[in-house]
Structures are given as C-alpha cells and as structure tokens.
1. Could you give every pair whose Cβ atoms fall below 7 Å, whose first residue belongs to the stretch 98-119 and is in the same structural domain as ALA148 (by TED's automatic domain parsing), and whose second residue is polar (S, T, N, Q), counting only separations of at least 6 or pairs across chains?
2. Could you tell me whether the stretch 274-284 includes any residue that is part of a loop (DSSP other than H, G, I, E, B) and surrounded by 22 or more Cβ atoms within 10 Å (Cβ to Cβ)?
3. Find the residue count for the stretch 178-211, including only residues that are among the small types (Gly, Ala, Ser) and either at pLDDT below 95 or over 26 Å from SER14 (Cβ atoms) (or both).
4. Does any residue in the stretch 241-266 that is crowded, with 17+ Cβ neighbours inside 10 Å and assigned to a helix (DSSP H, G or I) come within less than 8 Å, Cβ to Cβ, of a residue that is modelled with pLDDT under 95 and of a type in the set (A, V, I, L, M) six or more places away or on a different chain, and which pairs are these?
5. Filter the stretch 248-286 down to residues that are within 24 Å of GLU122 (Cα to Cα) and among the aromatic types (Phe, Trp, Tyr) and give me whichever is modelled with the lowest pLDDT.
6. What residue, of ARG202, ARG188, ARG144, ARG194, is of a type in the set (Lys, Arg) and farther than 30 Å from ARG103 by Cβ?
7. Looking at this structure, is ALA65 in a loop (DSSP other than H, G, I, E, B) and either touching a residue at least 12 places away in the same chain (Cβ under 8 Å) or not assigned by TED's automatic domain parsing to the domain that holds TRP249 (or both)?
8. Check ALA82 against each of (1) under 18 Å from the mean Cα position of the chain (by Cα); (2) at pLDDT below 95 and name the one condition it does not meet.
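The values are calculated or read from the model by the stated rules, or taken from the named source; none is laboratory data. Just so we're clear, the structure is a prediction, and the values are computed from it rather than from any experiment. FYI the Cβ positions are ideal-geometry reconstructions off the backbone, even for glycines, and counts take in every protein chain you see.
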Amino acid sequence: MQVFVTGATGWVGSAVVQELLRAGHQVTGLVRSETNMAALTATGAQAIRGTLADVDALHRAASSADAVIHTAFNHDFSQFAANAEEERRAIEAIGSALQGSSRPLLVTSGLARIASGRLATEEDVPDPSFLRKSETAARALAARGVRAATVRLAPSVHGVGDHGFVPMLIRIARETGVSAYLDEGANRWAGVHRLDAARVYRLAIEQGVTESAYHAVADEGVPFKEIAAVIGRQLGVPVEARGREHFGWFADFVGLEMAASSERTRARLDWSPVGPDLLADIDQAAYYAS
C-alpha cells in the first residue's frame, strides 16, 4: 500500500512511518525542511517538502496515495486558533482528493473535552466549541462519503525523546523549583507509548478504517498528582499544589480530565500495547537528560 503521511518526521509521524515501512508499505511523507527531507529519505520513504498551508500539494499527494495518515500540526500555542484553521483546510484538501473512492484517511486528534468525570470512549463525540477541528473535519468528510476517521492520541504519547506535555511540565518544574499540580491533582491523563500509538494507525489503515474514532490509549487515567510526583522525585524538587498562574497558558491543559478507554479499539484492531506505562517511562534518568 502507498501511504501518504503528513508530519512524517514528527514525534508521532516518524514512528508511524517506521511502522508502515517495517510492515512492507511504501510511504511518502510531507516535511517542512531540507534537513527533514534527508532524514526521511534515509529511512526508505519518499519526501515532499511543504506545510499544511500548501493545500494544492496536499491534494496532489493524497490523489496518488492508497491511504493517508495525517499527524502534522503546528504546535505554536500562541497561534492556536490560526493553526487549527490551517489544519482544518488541509484536512479538507486531502479529503477532497479521496472523495468518491474507498481510500481511507486517518486524522489525528486528542482527548481534550471529549468526556468529563468518566472515561471517554470511542463512541463519544468531540466538543464542537474546542478550537482544534481535526476530528470535526474528519466527521464532515465521512458524512460526504469519504472513508475518514480519527485517531485520538492520549495527552502523553511518551518515550525517551518526547517533546510533548510531560517535557513541558519538567521544564516548568526546573524553572520554578516546584513540581506542581492544580487543586488536588486528581484529574487524570491517559498515556500511550509512542510505538504502541504507531501500531494503531497501521492496523486501522490495513483494516480499511471501519470506525469513526480509535483511541491510542494504554494507561486509561493516571492522576496528575502522580505524574507531578515522579517529576519532583527525579528533579529533587518539592511536589505541591499551585494556582493556574504557575503554569501560564499551559494551565488549561494541566487541569483537564483526559482519561479514556480503548476497549473498542483493542477489540476492533486486535491491538494490545506492549510498551512501558506512563509513570514507569518518565521515571528514568534519560527523560531528564536534555
């Protein structure tokens, strides 16, 4: 199968590319720089230079692919609304190239505001007021007959080399001398190892994308205070409750309940995570080397 992957050298996208290549698929990836083009071609994949703003290039690449996996996103949170709109247009361009065919599209999203006070399930629908519209865009394409679905990633897609939410917490703890949590720290985050997440994408594509949403979730819900405790122990700093101002803009994510089940995904894809759990993974010195 010829698979087009956006964000092909990113934290999740690069793992997806390797997973696809190991399974014998051909991969063309979208990358933003000459350096990333060289890195991608060295893996055996083909590279297209561009960004999510290059909707014509996205349409052409999707038109010649048997399947598309979208993992790219501009994570400059100071321009979150603009980046979310750029992504929505990119997904629309990809979907228009696939319309009228059975070629599948997997779009990446998260678990923010999917459910509150309980484990989110694959049957839940996203909050329409949330600024990132990737899943909303995928559902709109599906309503038009495109075989589109969403992979909802756990808020921590962990592994050594991670540059997501947990490293942000580590940086804040280093800068402030406190590994903090909000309120009682009882809100929960799901977790998944990066390589386990990559297998969800491959299996879903190989099985033809039969669901509306898949959950790349291993740990269903780790209390935030426990995450802060591991970081505090590793850095040798106190673990304490702090107000929202301690976290700045990141407070909106720190306080969210982002726990989820992956029971349906496991059953549909015959997927079982094998990587280390979240707390074990971040409780190693290599996570704090940079």
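1. VAL107/SER134; VAL107/THR150; THR108/THR71; THR108/SER134; SER109/SER134; SER109/THR150; LEU119/SER261
2. First, pick out the residues of the stretch 274-284 that are part of a loop (DSSP other than H, G, I, E, B): 274-277, 283-284.
Pick out the ones that are also surrounded by 22 or more Cβ atoms within 10 Å (Cβ to Cβ) and you get none.
No, the stretch 274-284 has no match at all.
3. If we filter the stretch 178-211 for residues that are among the small types (Gly, Ala, Ser), which is where we start, we get 179-180, 185-186, 190-191, 197-198, 204, 208.
Narrowing the set further to residues that are either at pLDDT below 95 or over 26 Å from SER14 (Cβ atoms) (or both) leaves 179-180, 185-186, 208.
Residues in the stretch 178-211 being among the small types (Gly, Ala, Ser) and either at pLDDT below 95 or over 26 Å from SER14 (Cβ atoms) (or both): 5 in total.
4. Pairs that qualify, where the first residue is crowded, with 17+ Cβ neighbours inside 10 Å and assigned to a helix (DSSP H, G or I) and the partner is modelled with pLDDT under 95 and of a type in the set (A, V, I, L, M), are PHE253/ALA112.
5. The selected residue is PHE253.
6. Details: ARG202 fails: farther than 30 Å from ARG103 by Cβ; ARG144 fails: farther than 30 Å from ARG103 by Cβ; ARG194 fails: farther than 30 Å from ARG103 by Cβ.
Step by step, each of ARG202, ARG188, ARG144, ARG194 is checked, and only ARG188 is of a type in the set (Lys, Arg) and farther than 30 Å from ARG103 by Cβ.
7. Numbers: in a loop (DSSP other than H, G, I, E, B): yes; either touching a residue at least 12 places away in the same chain (Cβ under 8 Å) or not assigned by TED's automatic domain parsing to the domain that holds TRP249 (or both): yes.
Taking the combined requirement at face value, the residue satisfies it.
8. Just one mismatch for ALA82, condition (1).
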